[in-house]
1. Does the range 84-92 contain any residue that is on the phi < 0 side of the Ramachandran plot and assigned to a helix (DSSP H, G or I)?
2. Select from the range 32-53 the residues that are assigned to a loop (DSSP other than H, G, I, E, B) and modelled with pLDDT under 85 and list them in ascending order.
3. Take the residues in the range 67-85 that are surrounded by 12 or more Cβ atoms within 10 Å (Cβ to Cβ) and hydrophobic (A, V, I, L, M, F, W, C), then tell me which one is farthest from Q43 (Cα to Cα).
4. Does any residue in the range 8-29 that is in a helix (DSSP H, G or I) come within less than 8 Å, Cβ to Cβ, of a residue that is modelled with pLDDT of 75 or more six or more places away or on a different chain, and which pairs are these?
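The values are calculated or read from the model by the stated rules, or taken from the named source; none is laboratory data. Bear in mind the structure is a predicted one, so any value in this text is a computation, not a measurement. Here the Cβ positions follow ideal geometry from the backbone for every residue, glycine too, while neighbour counts run over all protein chains shown.
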Amino acid sequence: MRARRLLRPTRTSVYDRVCDDLDDAIAGKFGFTFPLEGTEDYQALKDADERALLVEARKLLPEEGAGVEDYLGAERVEELERRLLSPCEPMPPEAARRRFLEVHQEAERQVARASELTDAVKG
């Protein structure tokens, strides 16, 4: 399952081990492997990760996340900003909690239904 991970320009052995172990635990739980660096899937994952980082930095960090430009580079930030579909306004915490629970409960219902269908096909 080990593959080169995303967004680690400064690699330290302790940090890498913790991230790799966490990645492997997530992958093992959900039955997938991380894409290898250089593949189309890897690039799509990296792009999504960097866009999320940019939105989070702009909305949650001091000075609208000015440090993220140092991290990703000015050209990359400009490219990512052009590709964002719309500005992201954070939800109030209670609204975000309610929405998360709604989506989670719907996903649980879908998984249960899929399991029932699978059992019916097998049985």
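1. No.
2. If the condition is that a residue be assigned to a loop (DSSP other than H, G, I, E, B) and modelled with pLDDT under 85, then F32, T33, F34, P35, L36, E37, G38 are the ones that fit.
3. V68
4. Taking only residues 6 or more apart or on different chains, the pairs are D23/F34; A27/T33; A27/F34.
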